[in-house]
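Chemist: Sharing a structure here in structure tokens format.
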Amino acid sequence: ELYLHFPEYSKLKNEGCAVIAKNPYDCNGYYGNGVVVFNHPDDGYVAYDATCPKHLEKPTAVRLDGDGCGFSATCPHCNTTYWLTTGYPAEGYPLKKYRVSSQSGSILVYN
């Protein structure tokens, strides 16, 4: 489980913005690369593992485009762009999706 609290993650209050979050104690995603949490304009908060599925043998995390408010993330190793609205690239496997619950100023990400 990963808990995110406002105002630390206040960027997430804006639709179309995302952060890569890590919890020092638990849910850090594959290889500890973190979890992408995105404020989806239609679906509320969604979360994906930040590890590029094309490089599971390497600790390669995606980077958020547009300073986190660009609707996409790109792998710095292979330049694959993932759309945060779906988690999918133009071709290939999507980012691993996590469940999300939000209430009263906090977001919970879990399997």
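Chemist: Please list, ordered by first then second residue, the pairs with beta carbon atoms under 6 Å, 6 or more apart or interchain, first in segment 32-43 and within 16 Å of Tyr88 (Cβ to Cβ) and open to solvent by 10 Å² or more (accessible area, probe 1.4 Å), second modelled with pLDDT of 90 or more and assigned to a strand (DSSP E or B).
Modeler: Once the first residue is within 16 Å of Tyr88 (Cβ to Cβ) and open to solvent by 10 Å² or more (accessible area, probe 1.4 Å) and sits in segment 32-43, its partners that are modelled with pLDDT of 90 or more and assigned to a strand (DSSP E or B) give His40/Val46.
Chemist: Looking for whichever is in a loop (DSSP other than H, G, I, E, B) and open to solvent by 80 Å² or more (accessible area, probe 1.4 Å) here; the options are Pro76, Pro59. Which one fits?
Modeler: Pro59
Chemist: Have a look at Tyr82, Tyr110, Tyr93 and point out the one that is in contact with a Leu (Cβ under 8 Å, 6 or more places away or on another chain), at negative phi, loosely packed, with under 15 Cβ neighbours inside 10 Å and not charged (D, E, K, R).
Modeler: Tyr110
The values are calculated or read from the model by the stated rules, or taken from the named source; none is laboratory data. Just so it is clear, the model here is predicted, and its values are computed rather than measured. FYI the Cβ positions are ideal-geometry reconstructions off the backbone, even for glycines, and counts take in every protein chain you see. Just the protein is used for accessible areas: all its heavy atoms, side chains included, with ligands, DNA and RNA removed. Shrake-Rupley method; radii C 1.70, N 1.55, O 1.52, S 1.80 Å.
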